[in-house]
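Structure first, commentary second.
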Amino acid sequence: VGLVRYVAYEAQRRPDGVYAFRVRATIDRPTSHRIGLKGTAHLSGEEVSVLALVDGKNFVLLVPSQDHKRAFDNDQGPNTGGMGAYSPVPMVDGILLEEIGRTIFQPIVQGMNKEGTPFTGILYAGLMLTAQGPKVLEFNVRLGDPEAQAILPRLKSDLSQLMLAAAEGRLDSAKPIA
């Protein structure tokens, strides 16, 4: 289990009046591996988005998605910041998704709880799938668009019931998501 060393929450009001929230966290793990990058680093691999519903202690992973980054085919052209998304993601199987839950989401959820700042809501992890395993690029507190457009139709559970279970701290008894 990691120890949260730094957590920052940002709230920004968009022009349409809706507030957007973002969380940034640095976790120290017993292996001294740190989630969150300071300075610059080069990571090679595929980007993937994994979201989780969190009730302060428990979490349930949603199906992963991947967004289109480049304007042209074959990963060519300028970076667009996302021109749509798709799910399922072929390179994320059940074993890798379980690893992401165990090595990324579990430490952040437990760490925030241990530090007295339990989180309830949707935690979005932007990940890079590297040869050394999944690495965190960013955490956000949002459903994510365009990712939500690919993820929500794949839910086999009632989203409102899952969100209610998260709000009431009972995700450990929630129905399977997918």
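Structural remarks
- Any hit, region 108-124, residues being in contact (Cβ under 8 Å) with a residue 12 or more places away in the chain, closer than 17 Å to GLU47 by Cβ and not in a strand (DSSP E or B): no
- Yes/no for ILE108 being exposed (fewer than 12 other Cβ atoms within 10 Å of the Cβ) and modelled with pLDDT of 90 or more: no
This table checks each residue for (1) within 22 Å of MET112 (Cβ to Cβ); (2) in a helix (DSSP H, G or I); (3) free of Cβ contacts under 8 Å to residues at least 60 places away in the same chain; (4) of a type in the set (S, T, N, Q).
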position: LEU137; (1), (2), (3), (4): yes, no, no, no
position: LEU143; (1), (2), (3), (4): yes, no, no, no
position: GLN149; (1), (2), (3), (4): no, yes, no, yes
position: LEU152; (1), (2), (3), (4): no, yes, yes, no
position: GLN161; (1), (2), (3), (4): no, yes, yes, yes
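- Subset of region 114-127 [out of contact with any helix residue (DSSP H, G or I) (no Cβ under 8 Å at 6 or more places or on another chain) and surrounded by fewer than 16 Cβ atoms within 10 Å (Cβ to Cβ)]: LYS114, GLU115, GLY116, THR117
- Residue match in region 150-161 (condition: in contact with a strand residue (DSSP E or B) (Cβ under 6 Å, 6 or more places away or on another chain), within 22 Å of MET91 (Cα to Cα) and surrounded by 17 or more Cβ atoms within 10 Å (Cβ to Cβ)): yes
- Of the criteria (1) modelled with pLDDT under 85; (2) surrounded by 14 or more Cβ atoms within 10 Å (Cβ to Cβ); (3) in contact with a Pro (Cβ under 9 Å, 6 or more places away or on another chain); (4) charged (D, E, K, R), which one ARG70 fails: (2)
- Within region 164-178, being part of a helix (DSSP H, G or I), open to solvent by 20 Å² or more (accessible area, probe 1.4 Å) and at pLDDT 90 or above holds for LEU164, ALA167, ASP172.
- Cβ pairs under 6 Å, 6+ apart, first in region 46-75 and over 27 Å from THR117 (Cβ atoms) and free of Cβ contacts under 8 Å to residues at least 24 places away in the same chain, second polar (S, T, N, Q) and open to solvent by less than 60 Å² (accessible area, probe 1.4 Å): ALA71/THR80
The values are calculated or read from the model by the stated rules, or taken from the named source; none is laboratory data. As the structure is a prediction and not an experimental result, all values here were calculated from the model. All Cβ positions, even for glycine, are placed from backbone atoms using ideal geometry, and neighbour counts span all protein chains on display. Heads up: the accessible areas ignore ligands, DNA and RNA and are worked out on the full protein's heavy atoms, side chains in. Shrake-Rupley method; radii C 1.70, N 1.55, O 1.52, S 1.80 Å.
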